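Since the structure comes first, as structure tokens, the remarks are kept for the end.
The values are calculated or read from the model by the stated rules, or taken from the named source; none is laboratory data. The model shown is predicted, which means the values in this text are computed figures rather than measured ones. All Cβ positions, glycine included, derive from the backbone under ideal geometry; neighbour counts span all protein chains shown. With ligands, DNA and RNA removed, areas are computed over all heavy atoms of the protein, side chains included. Shrake-Rupley method; radii C 1.70, N 1.55, O 1.52, S 1.80 Å.
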Amino acid sequence: MNKKDFPIFKNTKFYGKNLVYLDNAATTQKPQIVIDEFSRFYENFNANVYRGIYRLSEEATSMYEGVREKSAKFINAKSNEIVFTRNTTESLNLVVYTFAKSILKKTDTVLLSLMEHHSNIVPWQILQKEIGFSIKYIDINKENFSLENVDSLLEIKPKIISLTYISNVLGTRNDIKDIVKKARKINAFVIVDAAQAAPHIQIDVKSLDCDFLTFSAHKMLGPTGVGILYGKEELLDKMPPLLGGGEMIISVDKNKSVYKNAPFKFEAGTVNFADTIVFGKSIDYINKVGMNKISLYIKELSFYLYENLVKINGIKIYGAKNDFGIYSFSIKNIHPHDIATFLDEENIAIRAGHHCAQPLMKELSVYALSRISLYFYNTQEDIDKVSLSLSKISDLF
Ligand code: PMP
């Protein structure tokens, strides 16, 4: 669907072969309309935002704030509930070092799951060193790869629950709405890592009722260097800033500073206005195609991929058939790097490694896996190509 809008598929011909890009959970390709927006911005509107009392800066500021509004609408939030960061990782770090740090005590528990990305584990461990709270992990059911025993872990009354919406390794979608409902009964806060969800499903933060939600522009056709942090207005208002400097203040004197309201108090220094403005075009493009259409198309393609993968001799898929086209697997005892290198010779790009989820790898008793992840410019032809190549690799061993 829409492959012609993405110039990389016309331009890139390594080894004389067309590119088959199947590493979309890592980052996505960009349509021409997004690429063109870089030039349009720099050729016509470049000026630092908030600072200039002149037309050009005002134009840039209004474009930047326009994308805040668009991002808010994209997930059914209010504009002042959207903080721009560099990526999902920075969004999660911001919540940990400001919000979590201000409420956690030594006796508290933070509940994560074994399918978390390192971005939702390491910051907690860093803060844990300072405060000394406990971190507990929700197990994974090895049959269907869903979260297991959530209810019994909620009995220990964690203060904060921080979970991925869709796993970047297993393709599992967690029932965040249900978990938030249960969290409310024990007064726990819920943080959602939506890095893989935002490109795939319609997110509605009001209906989810989560406290924070994070995602990255580069995984949804946008530029690198732009992350989104959604936080409930009343929580953002109470949180201290993480970084100081630039336009995040109302006033500064020698002894103290008065900060602006959220979200501005969290955006210190010159913000990444150019990339953020370009991200606006990615949202426009996704909205034009339609998130429901995208979800349905990927679901069909995901099932087609699954049916093809299970036919490969010696394959073991770590995850259930899923709607998002995310499948991690091993083939016989072939090293995942060898699989990726073999596929690269066909100009087929997949991911091989620990996928920034080492606790999950340990739980699955593997050190690394190969992963295919789809987006809506992928086609059945791409899947036929990778399936044929994977069968060839399997036959070699
Ligand atoms: N969480 C999940 C589930 C992810 O898949 C990723 C990216 N692989 C991240 C967090 C981190 O995203 P970023 O690198 O954009 O900060």
Legend entry - Positive-pole candidate from Tyr285, Leu221, Ala188, dipole of the chain, charges at beta carbon: Ala188
Legend entry - Length gained when the stretch Ile35-Lys4 is fully extended (0.36 nm per residue, less Cα-Cα span): 9.8 nm
Inset, instruction - Using a 1.4 angstrom probe on the protein heavy atoms only, line up Arg351, Arg40, Arg86, Arg55 by accessible area, largest first. - result: Arg55, Arg86, Arg40, Arg351
Legend entry - At 0.692 mPa s and 37 °C, Stokes D of the stretch 252-296 from Kirkwood alpha-carbon radius, µm² per second: 239 µm²/s
Legend entry - Nearest-0.05 FRET efficiency for Ile126 and Lys321, computed from C-beta distance (R0 45 Å): 0.80
Legend entry - Cα-only radius of gyration and Dmax that characterise the chain, units Å: 21.8, 72
Inset, instruction - Multiply the residue gap between Asp395 and Thr270 by 0.36 nm, knock off their C-alpha separation, and tell me the result in nm, one decimal place. - result: 39.6 nm
Inset, instruction - Give the Kirkwood hydrodynamic radius (Å, one decimal) of the stretch 178-259, defined as one over the mean of 1/r across all pairs of different Cα atoms. - result: 15.1 Å
Inset, instruction - Taking a cut-off of 16 Å between Cα atoms, list the aspartates and glutamates near Lys30, but don't count ones fewer than 8 places away on the same chain. - result: Asp5, Asp275, Asp284
Inset, instruction - Could you work out how far apart the two model spin labels at Asp204 and Lys78 are, taking each label as a point 7 Å from the Cα in the direction of the beta carbon, and quote it in nm? - result: 1.9 nm
Inset, instruction - Take the alpha carbon atoms of the stretch 318-370, find their center, do the same for the stretch 234-312, and report the distance between the two centers in whole angstrom. - result: 28 Å
Inset, instruction - Evaluate the distance, in nm, between pseudo-label points positioned 7 Å from the Cα of Thr224 and of Leu243 along their respective Cα→Cβ axes. - result: 1.7 nm
Legend entry - Sites Lys293 and Ile156 - FRET efficiency at Förster radius 51 Å, r taken between beta-carbons, to 0.05: 0.75
Legend entry - Within the stretch 45-288: Cβ-based charge dipole about Cα centre, in debye rounded to nearest 20 (Lys, Arg +1; Asp, Glu -1): 360 debye
Legend entry - Computed P(r) (all Cα pairs; the stretch 267-338; 5 Å bins; percent): 3, 13, 15, 13, 12, 10, 11, 12, 7, 3, 1
Legend entry - For the stretch 1-62 versus the stretch 133-171, the gap between their alpha-carbon centres in whole angstrom: 36 Å
Legend entry - Cleavage-rule hits, chymotrypsin sites (Phe, Trp or Tyr not before Pro), the stretch 300-385, DSSP coil, Cβ neighbours within 10 Å at most 15: Tyr367
Legend entry - Among Val386, Val366, Val190: highest mean-square fluctuation, GNM of the chain, C-alpha pairs under 10 Å: Val366
Inset, instruction - Order Met115, Met1, most accessible first, counting only protein heavy atoms with a 1.4 angstrom probe. - result: Met1, Met115
Legend entry - Mean Cα-pair separation over length for the stretch 45-288, i.e. relative contact order, pairs under 8 Å, 6 or more apart, %: 24 percent
